[in-house]
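Down below is the structure, laid out as structure tokens.
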Ligand code: PGA
């Protein structure tokens with residue numbers, strides 16, 4: 001069975017609650033969600049209002065981060081059960097901005113993946129090489145390490161339902177996209193690594209997105225690649241019109257699969 005394309009809009013630290021609500025209304029009013037999965041990733045304060053606004057629609061909500069303990073004296077942190085309560089079904093884990101600015105490591109990513117799965121949240125696990133790593137020819141080595149580590153100690157059934165996002169760090173927010181061929185090569189490699197960790201069936205099932213300067217203009221050629229099962233979209237997810245155009249591209253690709 002063909003994997004369903006999953007288009008996620010990572011708003012990062014953008015949009016107040018009223019802005020998030022206005023966006024969501026516009027999205028619901030203008031997009032056709034048939035055949036694809038659409039996920040919005042608002043900042044924490046807007047999670048519940050957005051979850052309310054999409055209730056009864058196929059749109060799902062993701063947090064951009066979580067902490068691995070369920071509760072406790074961890075000032076400033078938010079747990080998986082809290083995110084479930086706030087209406088989340090997904091959570092982005094290990095985004096390169098969290099790795100770069102907030103000390104996230106392969107080990108903390110693994111703890112967060114386990115916490116998410118323990119509470120029925122689907123992790124969107126971000127991996128990807130930095131520019132210096134790409135230039136040193138280390139892309140495959142880096143993503144292999146990140147994938148192996150993220151899923152360490154995670155059972156196959158849970159892991160196969162997760163989403164992996166391949167996001168080359170040099171392509172995030174830079175307007176510089178990986179070519180469809182390069183992105184396909186890495187996504188296919190990631191699927192192979194995942195197959196080695198689990199089984200060919202798990203590798204066939206796991207969805208692997210591409211992220212990094214995805215736009216309405218380049219979405220179709222990226223999403224048409226056989227091992228690219230969707231996009232994690234930053235900048236182009238902030239305006240409903242461009243996000244809808246990317247959803248449309250995914251729908252066309254899905255129909256052709
Ligand atoms: P971008 O961000 O689309 O603005 O490059 C992608 C991401 O960080 O997930």
Next item on the list: Please find the FRET efficiency linking residue 241 to residue 13, where r is the Cβ-Cβ separation and R0 is fixed at 30 Å, and quote it to the nearest 0.05.
Entry: 0.90
Notebook entry, point to check: Using Cα-only point scatterers and the Debye equation, what is log10 of I(q)/I(0) for segment 158-216 at each q in 0.20 Å⁻¹, rounded to two decimals?
Noted result: -0.72
Next item on the list: Report the dimensions of segment 129-257 along its three principal axes from the alpha-carbon atoms, largest first, rounded to Å.
Entry: 41, 35, 23
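How big is segment 6-256 by the Kirkwood estimate over distinct Cα pairs, in Å?
The Cα-based Kirkwood calculation yields 17.9 Å.
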Item checked: Most fluctuating residue given options 14, 102, 23, as computed from a GNM of the chain linking Cα atoms under 10 Å -> 102
Check: Quick one: what does P(r) look like for segment 7-67 with 5 Å bins over all Cα pairs, in whole %?
Finding: 4, 19, 34, 26, 12, 4, 1
Item checked: segment 121-202 - Rg over Rh from alpha carbon coordinates, Kirkwood radius -> 0.98
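At 0.36 nm per residue, minus the direct Cα-Cα distance, what do residue 176 and residue 149 gain on full extension? Give it in nm, one decimal, please.
7.0 nm
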Note to self: As a test of understanding, state the convex hull volume per residue of segment 1-155 from its alpha carbons, in Å³.
What the structure shows: 145
Item checked: Residue-averaged 222 nm ellipticity for the chain, from DSSP H runs of 4+ at -39500 (n - 2.57), nearest 500 -> -13000 deg cm²/dmol
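Here, each number is a calculation from the coordinates, and none is a lab measurement. Note that the structure is a prediction, hence the values are computed from the model and not measured. Neighbour counts are summed over all protein chains in view; Cβ atoms, including those assigned to glycine, are modelled from backbone coordinates with ideal geometry.
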